[in-house]
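Trainee: Pasting a structure below so you can have a look.
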Amino acid sequence: MNIAVVDGMGGGIGSQIISLLRQDLPSDVTIYALGTNSAATSSMMKEKANKGATGENAITFAVNKADVIVGSLGIVIPNSMLGEITPGIAKAIASCNAKKILIPIIDNEDITLLGIEKKPLFLAIKDAIEKIKELK
């Protein structure tokens, strides 16, 4: 199984996801750390991702190698993460064939999510890991 973890800004959410994936999944799972910037990619690579890539072109290419894509809901919203998620990145992720597991957090004040249980980030990430384990 190939899992792509997409994050931007400082890569904090992606790093937490990769850390928990490494704890809970077998070592034969390949994890791609896909950052919108080098700081995010570097942070995720420290958590033992197999491969890392940075920027729009790398992300739009690599998501097509993934069976599962994990990240915050913002990775499919153009211009989220203060513009780091380009329309091209959002489109590539939303339209590729991989299963998307999105954590319902957004850094955009213009978007309000309703009907979603508010829970601590760690628990939302654990829920995402459980969904991935169900796919294996």
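Trainee: Keeping to region 79-94, report how many residues are open to solvent by 30 Å² or more (accessible area, probe 1.4 Å) and either modelled with pLDDT of 95 or more or in contact with a His (Cβ under 6 Å, 6 or more places away or on another chain) (or both).
Mentor: 5
Trainee: Between Asn108, Asn97, which is surrounded by fewer than 16 Cβ atoms within 10 Å (Cβ to Cβ) and at pLDDT below 95?
Mentor: Asn108
Trainee: Among the residues of region 77-114, write down those that are charged (D, E, K, R) and within 23 Å of Asp67 (Cβ to Cβ).
Mentor: Residues satisfying the conditions are Lys91, Lys99, Lys100.
Trainee: On to the next question. Cβ-Cβ below 6 Å, separation at least six or inter-chain, first residue in region 75-101 and touching a residue at least 60 places away in the same chain (Cβ under 8 Å), second hydroxyl-bearing (Ser, Thr, Tyr) and surrounded by fewer than 22 Cβ atoms within 10 Å (Cβ to Cβ): which pairs?
Mentor: Matching pairs, first to second residue: none at all.
Trainee: In addition: Would you mind finding the one in Val63, Val76 that is aliphatic (A, V, I, L, M) and open to solvent by 10 Å² or more (accessible area, probe 1.4 Å)?
Mentor: Going through Val63, Val76 in turn, just one is aliphatic (A, V, I, L, M) and open to solvent by 10 Å² or more (accessible area, probe 1.4 Å): Val76.
Trainee: While we're looking at this one, here's another question. Please go through region 12-38 and pick out each residue that is open to solvent by 60 Å² or more (accessible area, probe 1.4 Å) and either of a type outside the set (Asp, Glu) or touching a helix residue (DSSP H, G or I) at 6+ places or on another chain (Cβ under 6 Å) (or both).
Mentor: Gln16, Arg22, Gln23, Pro26, Ser27, Ser38
Trainee: Additional query: Kindly evaluate Met9 against the criterion of being under 14 Å from the mean Cα position of the chain (by Cα), aliphatic (A, V, I, L, M) and open to solvent by less than 10 Å² (accessible area, probe 1.4 Å).
Mentor: Answer is no for this residue.
Table: residues versus (1) touching a Pro at 6+ places or on another chain (Cβ under 6 Å); (2) more than 24 Å from Leu123 (Cα to Cα); (3) polar (S, T, N, Q).
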{"residue": "Ser43", "(1), (2), (3)": "no, no, yes"}
{"residue": "Gly52", "(1), (2), (3)": "no, yes, no"}
{"residue": "Glu56", "(1), (2), (3)": "no, yes, no"}
{"residue": "Ile59", "(1), (2), (3)": "no, yes, no"}
{"residue": "Asn64", "(1), (2), (3)": "no, yes, yes"}
{"residue": "Asp67", "(1), (2), (3)": "no, no, no"}
{"residue": "Val70", "(1), (2), (3)": "no, no, no"}
{"residue": "Leu73", "(1), (2), (3)": "yes, no, no"}
{"residue": "Ile77", "(1), (2), (3)": "no, no, no"}
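The values are calculated or read from the model by the stated rules, or taken from the named source; none is laboratory data. The structure presented is a predicted model; accordingly, all values stated were derived computationally and were not measured. Cβ atoms come from the backbone with ideal geometry, glycine included; neighbour counts cover every protein chain shown. Accessible surface areas use protein heavy atoms only, side chains included; no ligands, DNA or RNA. Shrake-Rupley method; radii C 1.70, N 1.55, O 1.52, S 1.80 Å.
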